[in-house]
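What follows is calculated from the coordinates using simple rules that are stated; it is not laboratory data. No experiment lies behind these values; they were computed from the predicted model shown. We place every Cβ from the backbone using ideal geometry, glycine too, and count neighbours over all the protein chains shown.
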Amino acid sequence: MDTDRIEKKILLRAPCSRVWRALTDSTEFGHWFGVKFDGPFVPNTLLRGVLVPTSVDAAVAEHQKPYEGHPFEITVAQIEPERLFSFRWHPFAVERGIDYSAEPTTLIEFVLEEIPEGTMLTVTESGFDQIPLARRAKAFTANEQGWATVIELIEKHLTHAAQTAQ
Amino acid sequence: MFAALGDETRLAIVAQLSSRGPRSITSLTEGSSVTRQAVTKHLHVLNGAGLVHCSRRGRESIWELDSHRLQDAQRYLAEISAHWDAAIDRLRKFVED
């Protein structure tokens, strides 16, 4: 198994221009991703922001709430209109009080292709093999606790739903 | 960030496998409004992320939560992959609505 990269290919039933705006307008990106940036995306430029709950899905937003205000930054790489948008970030840089700046980043690329049904979007994130193994393992441990929390929340939710149904 | 994993049906499946142990798709769909086909699809997504696996018991497939099988590096990637799936779901909602 390739441990260096992730690739996702998705058909979106929306025009290329719509998807492009959702990706490269930093405000629109923020709406679905769940982040508020300090300004627009500019090639080869670092942009700071903070995590905020997504406005797209209330249930997800609720889960994102504990992370509200957490600093988030990306360095935009390339912007080729309606074809390629790429940036670099520190994956899983969610632990408070840790300086990730000296660590390697991963590269995220969004490649768009207009097709009759809409837009074919390919998302890749690569460079994971450069991330220290200790950091990767730690991120996972942190998430395993995340899983436990999520499972607990869901169980509460299911119990509540069952009681309401009775 | 883990909270970004946003599909409620998928989370409910994981919750069931966690609290009630390994079980079949039939058992997972019992008393639920979600179709067998939908549950199967979600199980395959979870399987792709390395979070569940299945084994045969007679004619049935038994699904089991599997958070310890993968190596750290692979599990890390599976986690991030799940985040992307969730983020892309939100992007889809955002551009298709």
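Between amide H atoms placed 1.01 Å from N, distances below 5 Å from A:Thr45 occur with A:Val76, all of them 5 or more places distant or on a separate chain. Label positions at A:Leu84 and A:Thr122, each projected 7 Å from the Cα along the C-beta direction, are separated by 1.1 nm. Residues whose amide H comes within less than 5 Å of that of B:Arg23, counting only those at least five positions distant or on another chain, are B:Trp63 (H built at 1.01 Å from N in the peptide plane). Taking the inverse of the mean 1/r over every pair of distinct Cα atoms in the stretch A:5-129 gives a Kirkwood hydrodynamic radius of 15.3 Å. Given R₀ = 41 Å, what would the calculated FRET efficiency be for A:Ile98 paired with B:Glu8, taking r from the Cβ atoms and rounding to 0.05? For R0 = 41 Å, the calculated efficiency reads 0.85.
Projected label points at A:Val42 and B:Lys93, each 7 Å from Cα along the beta carbon direction, are separated by 3.3 nanometres. One chain, two ends: A:Val50 and A:Glu109. Fully extended at 0.36 nm per residue, the span grows by 19.1 nm beyond their Cα-Cα distance.
What FRET efficiency do you get for B:Ser19 and B:Arg57 if R0 is 25 Å and r is their Cβ-Cβ distance, rounded to the nearest 0.05? About 0.80, to the nearest 0.05.
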